Structure formats: structure tokens, C-alpha cells
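The values are calculated or read from the model by the stated rules, or taken from the named source; none is laboratory data. The shown structure was predicted, so the numbers you read here are calculated from the model rather than taken from an experiment. Backbone-built Cβ (ideal geometry, glycine too); neighbour counts: all protein chains shown. For the accessible areas, the whole protein counts, side chains as well, though only heavy atoms, and no ligand, DNA or RNA atoms are used. Shrake-Rupley method; radii C 1.70, N 1.55, O 1.52, S 1.80 Å.
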Amino acid sequence: MEQRLHEILMDGEQVRWTGRPSPFKLMQCPERNTFFVTWLLSGAAILLALLYLLPTLNSDQRGGADWFIMLVVVAFLPAMLSLRPLMDKLCLEKNTIYAITDRRVIALVKDDLMYIPLDQKPAVSVEGRDRDCGNLCFGEAVGCGSGNSRSNAVLGIRESSSQNDMLGMLFYHVSHPEQLLRYVASVSYTHLRAHETLA
């Protein structure tokens with residue numbers, strides 16, 4: 001077990017399964033159409049900024065460095081929106097660990113801990129199928145649609161009063177998600193039975 005996962009476990013909490021997102025291609029993701037729209041709008045915004053700033057560059061006494069800085073500031077947001085899918089892909093494939101314990105489903109994305117306790121009996125479903133991979137959705141991430149899947153995997157659906165406890169989250173592009181879905185159901189049932197026995 002990875003050290004950073006071991007560090008976030010509660011006393012007595014036992015890991016039943018760990019995994020990572022399988023490598024994926026952005027151009028095969030269900031939300032690829034939103035990438036094209038974002039890139040198109042970002043390109044248009046940068047082009048409009050250039051068309052507005054270039055004529056004033058010749059007529060104004062400001063130096064080229066000032067105009068370059070203004071162009072960078074104007075282009076920053078469209079550039080970040082365009083690069084976001086690539087940064088998310090890198091983050092998910094390289095810096096994300098998923099775990100199912102006897103108490104919670106956990107996602108560690110970079111250093112951000114997200115979890116849903118199994119005693120909340122979260123809704124669970126498989127969405128965004130891609131051959132033998134898919135997204136395992138929990139809680140309010142169920143039925144959110146493919147356009148939000150990457151965001152929900154990286155950020156989760158948060159309750160405003162809680163930093164780590166999520167209303168919804170998903171395991172992005174995991175291998176054999178149907179098997180994992182059955183496994184989550186069995187772990188959740190075992191946890192529920194144990195909780196009822198203690199009560």
C-alpha cells in the first residue's frame with residue numbers, strides 16, 4: 001500500500017481494494033466535444049484580443065513589453081481553460097489513488113483527500129463505458145453526465161461545510177468497473193450488517 005494512502009486511514013480501518021485510473025486518450029473521452037468548443041472559444045478570445053490590441057500598439061507610445069504583458073493577461077484565462085483537460089489527464093493518471101475500505105470509498109487526487117462513508121449508503125453506478133473501463137460514480141455524481149465526469153473525478157461534489165466528506169465523487173476510467181460495483185455493494189452490505197450487530 002502506498003504511504004500517502006496509509007497516512008489517511010482511520011484507526012482500525014482496513015483497505016479492501018486499491019487502484020488507479022487506467023490510461024485514457026482525451027480524444028476518445030465522451031466529453032471530447034466540450035474540448036473542441038472550449039478550444040474554439042479560447043482561440044476566438046485570443047484572436048479578438050490580438051485584433052483589439054495590435055492597432056493600438058502602433059498608435060500608442062507604450063513599449064512593446066507593456067503590450068506583451070497585457071496580451072498575456074488577456075490570454076491567460078482562455079489558455080488555462082484550453083489546457084485544463086491535459087492537466088486533468090496528467091493528474092488522474094499520475095497522481096491519483098482510489099481505495100475501498102471497510103468504512104469508506106476514498107479518492108486521493110494529488111494531496112486532496114475525498115471520501116464518502118459507506119454508512120451513508122451512497123448510490124453507485126457505472127457510467128462512461130470505454131471497452132473494459134468505465135467511471136464508477138458515487139452519490140450525487142451518479143447521472144451527472146459525461147461532460148462533468150473529469151471535473152467530478154478531480155474535484156468531487158463537495159458539501160460546503162466539509163473539506164473532505166463528499167456529496168458525490170467518481171473513480172475515473174477504472175478497469176472492470178462492473179466487478180468493482182459488485183464489490184462495493186458487498187463491502188457496503190458487510191459494513192451495514194456489522195454496524196447493525198454492534199447496535
Checklist entry - Using a 1.4 angstrom probe with every protein chain in place, what is the largest-first accessible-area order of 11, 130? => result 11, 130
Checklist entry - With a ≥ b ≥ c the root eigenvalues of the C-alpha gyration tensor of the stretch 66-158, is it rounded (a/c under 1.5), prolate (a/b larger than b/c) or oblate? => result prolate
Checklist entry - For the stretch 94-166, what is the accessible area per residue in Å², given a 1.4 Å probe and the full set of protein chains? => result 43
Checklist entry - What FRET efficiency would be calculated for the residue pair residue 25, residue 75, taking the C-beta separation as r and a Förster radius of 41 Å, to the nearest 0.05? => result 0.95
Next on the checklist: List the residues, sorted by chain then number, that are 5 or more residues from residue 104 or on another chain and whose placed amide H is less than 5 Å from its amide H.
Outcome noted: 118
Checklist outcome for this item: Any residue on another chain or 5+ positions along whose placed amide H is under 5 Å from the amide H of residue 167 is listed here as 157, 158, 159
Item to check | Net length gained if the chain between residue 11 and residue 129 were fully extended (0.36 nm per residue, minus Cα distance) | outcome: 38.9 nm
Checklist entry - Near residue 25, which lysines are there with a Cα under 19 Å away, not counting those fewer than 8 places off in the same chain? => result 89, 94
Next on the checklist: At 1.4 Å probe size, put 176, 6 in order of accessible surface, largest to smallest.
Outcome noted: 6, 176
Checklist entry - Can you list the HN-Hα couplings for the stretch 86-100, worked out from phi with the Karplus curve (6.51, -1.76, 1.60; θ = phi - 60°), rounded to whole Hz and with x for Gly and Pro? => result 5, 5, 5, 4, 4, 4, 5, 6, 9, 10, 10, 10, 10, 8, 10
